[in-house]
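These notes concern the structure reproduced below.
The values are calculated or read from the model by the stated rules, or taken from the named source; none is laboratory data. Everything numeric in this text was worked out from a predicted model, so none of it was measured. All Cβ positions, even for glycine, are placed from backbone atoms using ideal geometry, and neighbour counts span all protein chains on display.
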Amino acid sequence: MSGPAPTALEVAEFRSLVVGREPPEVVHRLADITERLAAGHALGDEDHSLVGRIRQEYGHELAELVDPEG
């Protein structure tokens, strides 16, 4: 995954954004990743890969929601 390491807040925001758009397994996995990041745990390669894919597919939408004027 390129870019900065994901934060719990970022992954939680992505999780909210993809509910109903991604399979339930992905949504649940993002919730698990959020919990692990909030607890200070490191993520494995598969988790980084998932977050990277979600960033690539939905990052522009999240940026627009966070800063509509941007």
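Remarks
- Single unsatisfied condition, SER49 versus (1) part of a helix (DSSP H, G or I); (2) of a type in the set (Gly, Ala, Ser); (3) loosely packed, with under 12 Cβ neighbours inside 10 Å: (3)
- Within the stretch 8-42, the residues that satisfy the criterion of being modelled with pLDDT of 95 or more and either assigned to a loop (DSSP other than H, G, I, E, B) or in contact with a His (Cβ under 6 Å, 6 or more places away or on another chain) (or both) are GLY20, ARG21, PRO23, ALA39, GLY40, HIS41.
- Criterion: surrounded by 13 or more Cβ atoms within 10 Å (Cβ to Cβ) and free of Cβ contacts under 8 Å to residues at least 40 places away in the same chain - qualifying residue of ALA63, ALA39, ALA8: ALA8
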